[in-house]
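Right, one structure below, let's go through it.
The values are calculated or read from the model by the stated rules, or taken from the named source; none is laboratory data. Nothing here was measured: the structure is a model prediction, and the numbers come from that model. Note that we place each Cβ from the backbone using ideal geometry, even for glycine, and neighbour counts take in every protein chain shown. Ligands, DNA and RNA are excluded from the accessible area calculation, which covers all protein heavy atoms including side chains. Shrake-Rupley method; radii C 1.70, N 1.55, O 1.52, S 1.80 Å.
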Amino acid sequence: MLRQPRQKDDADGAVFPGYPEGGCRLRRPRQKNDADGAGVVHGVPAIMSRVLGGYFITLEGPEGSGKTTQAHRLEARLREAGVPVLYTREPGGTQIGDRIRQMLLDPGSCGLDAHAEFLLYAAGRAQHMAEKITPALDRGLTVISDRFMDASIAYQNYGRGLDKDALRGINAFATHKRIPDLTVILMIPVAEGLKRAINTPKEGHVTGVGDRIEQETIEFHQRVADGYRALAAAEPDRFVTIDAAVPLAELTDTI
Ligand code: TMP
């Protein structure tokens, strides 16, 4: 429980001097997949991993492109090949980020202002970066993130029309200017992907109804897909675009 510092008018009249060492009172148990936990290091000696540095891969795409399935398959293949790897996602990836995710995707948040929406994604990203991605990369892990900063350009700039330079500036602030080494965009025709996304059961999501973003208009989702195409064209060295409208196994092999 978070204890409240005592106030001046508490019963004994004393002013609480503050916690001597400051910081948060609420300790959460370590999770199996924490970047600093034993679960993800897989025997990489700390000194080696510091020398090697990690490789940062992100997967992006419009709704229903199968990113999450492919991210997990890529994770499994790398692990089989002996590469120490961490799977994570945005929004989410940390306990705080998962709370933000819930707020963002709940259709009950339908009055959310577009600027506020972006800032919530960016806040989750800052926490994700500090708590999970940077420590994992520093230890030499390959990090696979299911969505990251480019999603904000596709959804909040191309989709919502927010100013691209402002978003880029805040993204850079949230990520301490770290960008992915490789970004794979899985492309699928928008209507087909949306139908798939809305009908695929997942947590915090009513099957057949979709989450707050999936419930946007088809024109919005079309602009998002155009945004991803534009991002890939502008930075061909970082982005690889793959046609995701093919059988799952074929797509896995391509990736
Ligand atoms: P997903 O986990 O199913 O991809 O859901 C995340 C949703 O959030 C998806 O609709 C894309 C959206 N999103 C943004 O609008 N901006 C962002 O910065 C990120 C990371 C995701």
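Among the residues in segment 121-128, are any farther than 25 Å from THR254 by Cα, in contact with a Leu (Cβ under 9 Å, 6 or more places away or on another chain) and either of a type in the set (D, E, K, R) or open to solvent by 20 Å² or more (accessible area, probe 1.4 Å) (or both)?
The first filter runs over segment 121-128 and keeps only residues farther than 25 Å from THR254 by Cα, leaving 121-128.
Filter once more, keeping what is in contact with a Leu (Cβ under 9 Å, 6 or more places away or on another chain): 121-122, 124.
Applying the additional criterion that residues be either of a type in the set (D, E, K, R) or open to solvent by 20 Å² or more (accessible area, probe 1.4 Å) (or both) yields 121.
For segment 121-128, residues farther than 25 Å from THR254 by Cα, in contact with a Leu (Cβ under 9 Å, 6 or more places away or on another chain) and either of a type in the set (D, E, K, R) or open to solvent by 20 Å² or more (accessible area, probe 1.4 Å) (or both): present.
Rundown of residues vs (1) away from the ligand (no atom under 12 Å from the Cβ); (2) farther than 29 Å from GLY108 by Cα, yes/no style:
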| residue | (1), (2) |
| --- | --- |
| ASP165 | yes, yes |
| ALA191 | yes, no |
| GLY208 | yes, no |
| GLU214 | no, no |
| ASP226 | yes, no |
| ARG229 | yes, yes |
| LEU248 | yes, yes |
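Quick grid of which residues meet (1) modelled with pLDDT of 95 or more; (2) exposed (fewer than 15 other Cβ atoms within 10 Å of the Cβ); (3) touching a helix residue (DSSP H, G or I) at 6+ places or on another chain (Cβ under 7 Å):
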site: ILE144; (1), (2), (3): yes, no, yes
site: ALA154; (1), (2), (3): yes, no, yes
site: ARG168; (1), (2), (3): yes, yes, no
site: ALA172; (1), (2), (3): yes, yes, no
site: ASN199; (1), (2), (3): no, yes, no
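Any idea which residue in segment 64-119 is farthest from the chain's Cα centre (by Cα), counting only those that are crowded, with 19+ Cβ neighbours inside 10 Å and of a type in the set (Lys, Arg)?
LYS67
Residue by residue through segment 189-241, note down the ones that are outside any helix (DSSP H, G or I) and among the hydrophobic types (A, V, I, L, M, F, W, C).
Within segment 189-241, VAL206, VAL209, ILE213, PHE239, VAL240 qualify.
Residues are listed down the side, and each one gets a yes or a no for (1) of a type in the set (A, V, I, L, M); (2) within 12 Å of the ligand (Cβ to nearest atom); (3) free of Cβ contacts under 8 Å to residues at least 60 places away in the same chain:
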site	(1), (2), (3)
ARG99	no, no, yes
LEU104	yes, yes, no
ALA114	yes, yes, yes
LEU119	yes, yes, yes
GLY124	no, yes, yes
LYS132	no, no, no
LEU137	yes, no, no
GLY140	no, no, no
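Restricting attention to segment 174-191, which residues are open to solvent by less than 30 Å² (accessible area, probe 1.4 Å) and farther than 14 Å from ALA122 by Cβ? Spell out the reasoning first.
First pass over segment 174-191, keeping only residues open to solvent by less than 30 Å² (accessible area, probe 1.4 Å): 174-175, 180, 183-188, 190.
If the condition is that a residue be open to solvent by less than 30 Å² (accessible area, probe 1.4 Å) and farther than 14 Å from ALA122 by Cβ, then PRO180, THR183, VAL184, ILE185, LEU186, MET187, ILE188, VAL190 are the ones that fit.
Does any residue in segment 146-158 that is free of Cβ contacts under 8 Å to residues at least 24 places away in the same chain and under 21 Å from ASP113 (Cβ atoms) come within less than 6 Å, Cβ to Cβ, of a residue that is open to solvent by 20 Å² or more (accessible area, probe 1.4 Å) and near the ligand (Cβ under 6 Å from one of its atoms) six or more places away or on a different chain, and which pairs are these?
Partner pairs satisfying both residue conditions: none exist.
I'd like to know if segment 167-188 contains one or more residues that are over 16 Å from GLY61 (Cβ atoms), acidic (Asp, Glu) and either assigned to a helix (DSSP H, G or I) or within 12 Å of the ligand (Cβ to nearest atom) (or both). Talk me through it step by step, then tell me what you get.
Within segment 167-188, the first condition is being over 16 Å from GLY61 (Cβ atoms), and the residues that meet it are 167-179, 181.
Of the ones still in play, those that are also acidic (Asp, Glu) are 181.
Remaining after also requiring either assigned to a helix (DSSP H, G or I) or within 12 Å of the ligand (Cβ to nearest atom) (or both): none.
No, segment 167-188 contains no residue that is over 16 Å from GLY61 (Cβ atoms), acidic (Asp, Glu) and either assigned to a helix (DSSP H, G or I) or within 12 Å of the ligand (Cβ to nearest atom) (or both).
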